[in-house]
1. Compute the whole-percent fraction of alpha carbon pairs in the chain spaced more than 50 Å apart.
2. Would you pull out the residues with amide H under 5 Å of GLY307's amide H, same chain only if 5 or more places away, H placed 1.01 Å from N?
3. If you place +1 on the Cβ of every Lys and Arg, -1 on the Cβ of every Asp and Glu, and leave all else neutral, what size is the dipole of segment 177-507 about its Cα centre, to the nearest 20 Debye?
4. Rg and Dmax of segment 177-507, using alpha carbons, in Å: what are they?
5. Given R₀ = 45 Å, FRET efficiency for GLU703-ALA118 by Cβ-Cβ distance, to 0.05?
6. Only sites in a loop by DSSP and with at most 16 other Cβ atoms within 10 Å count here; which trypsin sites (Lys or Arg not before Pro) in segment 427-497 make the cut?
7. Would you please classify the overall shape of segment 390-442 from the alpha carbon gyration tensor, given that a ≥ b ≥ c denote the square roots of the eigenvalues, rounded means a/c under 1.5, and beyond that prolate means a/b larger than b/c while oblate covers the rest?
8. Hey, what's the Cα Rg ratio for segment 573-726 versus the globular rule of thumb, 2.2 N^0.38 Å?
Amino acid sequence: MHAAGRRIRRGLRLAACWLAALLPAGPVLAEDGHDLWLRYVPVQEERAADYRARATELVVASATPTGQATREELVRGLRGLLGTAPALAARAGRDGAVVVGTPAGSPQLAALAPDLAALGEEGYLIRSLPIGGRKATVVAANTDRGALYGAFHFLRLIQTGQPLHALDIRQAPKTKVRVLNHWDNLDRYVERGYAGESIWDWHRLPGWKDPRYTGYARANASIGINGTVLNNVNTSAQMLTPMYLEKAAALAGVFRPYGIKVYLSARFSAPIEIGGLKTADPLDPAVRRWWKAKADEVYRTIPDFGGFLVKANSEGQPGPQDYGRSHADGANMLAEALAPHGGIVMWRAFVYSHEEPDDRAKQAYTEFVPYDGTFAPNVLVQVKNGAIDFQPREPFHPLFGAMPKTPLMMEFQITKEYLGFATHLAYLAPLYEEALRADTQVRGPGSTVAKVVDGSLEGHALTGMAGVANIGSDRNWSGSHFDQANWFAFGRLAWDPYLESEAIAREWVKMTFSTDPAVVDPVVAMMMGSREAVVDYMTPLGLHHLMGRGHHYGPAPWVSGGPRADWTSVYYHRADAKGIGFDRSATGSNAVAQYAAPVAAQFGDLATVPEEFLLWFHHVPWDHRMASGRTLWDELVHRYGRGVDYVRGMRTTWDGLAGKVDAERHAQVAAFLAIQEQEAQWWRDASIAYFQTFSKRPLPAGEAAPPHDLAYYQSLQFPFAPGDGK
Ligand code: GCV
């Protein structure tokens, strides 16, 4: 090489060094979040060489579509993570083989005689086991589906920087039905959806199967979700017509290799609307025949159809009570039609009557407990985590533990209808964890909601968990990067309701952003307090249901009047000159009596009720002395401000991560946090301005007065806020 060439080379090297010194360390590629937690970017760990040595060869001993999907995922994942794809082989032959499959499909696995007896249809084991004297990793299961879950777990180990040399993992899901509930309408509008339109392009289905459907299936399978209810619980009967069943069948075909079954919301009055009958009375023989024929037709179209989800006699939806029949009559009619095909009914307990003047928090219990033991064996009663409606904080639903003869399924909301839509950063796993760990005490201490849900408390085999999806057509699926964590956490907790929210957050951050502890630690810390911050700036100390009417956007504690009292804010906070809060103790609605005696005693007594539920259960004087030594009024003001401060803190933390997180995602999160701070401040100011009209007390020293008067906050209108029910 002559001198000029050498000079140019040296110059380029120098420029590269300069650039490297100027550019921040860590991932700097533009990313839009579309890859979710399945990013498969090159491993930064010092372990990379070891990982490569332990994934030289890949054996997926299955030719089924599920086996094919497993192979593709492992190739994609390992290539991305390790920079080189493993050699594909029919049997392990070299050092560092990864062997995935079932003993039935692989003589090599059969020869190892892995103990799979307790792992069921979906469990798997991952073990470091030599094959023919060479080091290997075995991912074995009883079914291809189990092997697929094991493959995702194996990839997760690498994504999160775990050692691979001495693996001995055994996993089986603790609940059976792990489903997303899409509140998606057939016109692609998503009720309470903040991530664009529905991802189901109904108009072009079944002809056009958007590649996104495969991405959706991969993401769900990676966290163990095994079912999806495609349409809104407020559904049109059209969903059950042949045209739409064909469309659903096309989706089922995409999801099948990933172990995901399709379920549909069924409109109770469908026999009238699309069946030409005069009634939908569940005891009418013609109606029963119609549903049987419909179930037969559904199974002809979708042979592995999962079953029906039903919202009946709730918020104006039709149901068996329209004919003087019970929820059990309705559910059992559908169960009978599905049973020959192995289908199930998920019958929702989210009911509150139009006529009933009783405390809304009591109504589901009142309507369902008398029917305990009368539901068919293939019915799950689906219960929201709390008795009102997915508020930032609710005590656990009193139905958990109160229907021992009926399998109860948990319903969580992943979409954040009441926690700042997709804009606010609120990690929901602590909310889910709190509900699952709540102790119903129905069979003594330790009778947790998780044990009700996983069936272990009463010995139920049919178990499940549903999450109201936050997925839409937005490029990042969930409307914001951090809302992906809530989808992820839901899946992980449905698989194992005993997981810890912090451990889930740690996994997710490593898979989604970076394994660098300088990113992981602050981001996890930020996430862990984020839901509590929302509670603080929206509904502290047990307050609830104070949001804007209809669209549920922003603070509106002044909402009153309208078609029904229990759709207003004043119904719930009951603020007056004396104090604030809903008296649900024995002196009030006595909703506490729906809990087991020790819980009822704890919640029912002002001296023992946890402060986070204080105003849920009690009407409390403004000068009531709190644990902090402050009066209730001062504490309320303090909590509102604390929530806003937390958001400010998140902004500072996030700003400090510039350069450690790719610029595109960093910028969007930063912008959303800025909006969140403004909205948190708005919640605080509007709430204080309103409640001060009752407390008539000054703000504690150091607390800033709201910048506007109450009339200003009350004048704000948001006719086009997204997600409203329609
Ligand atoms: C699908 C709340 C929501 C409604 C939702 C309902 C339900 O009331 O605001 O949009 O309807 O819950 O869970 O059925």
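What follows draws every value from the coordinates through simple rules; no lab data is involved. Note that the structure is predicted; figures quoted are calculated from it, not measured. Virtual Cβ from ideal backbone geometry, glycine too; neighbours counted across all protein chains shown.
1. Numbers: 43884 of 263175 pairs.
Value for the chain: 17 percent of Cα pairs lie more than 50 Å apart.
2. LEU264, ILE344
3. On the way: 32 positive and 38 negative charges, 172 e Å.
Value, rounded to 20: 820 debye.
4. 18.7, 55
5. Working: r = 57 Å, r/R0 = 1.27.
It comes to 0.20.
6. Numbers: sites: ARG437, ARG443, LYS451, ARG475, ARG492; in loops: ARG443, ARG475.
Passing sites in segment 427-497 are ARG443, ARG475.
7. Values: a/c = 3.01, a/b = 2.28, b/c = 1.32.
Verdict is prolate for segment 390-442.
8. Numbers: Rg = 19.3 Å, N = 154, 2.2 N^0.38 = 14.9 Å.
For segment 573-726, the normalised Cα radius of gyration comes out at 1.30.
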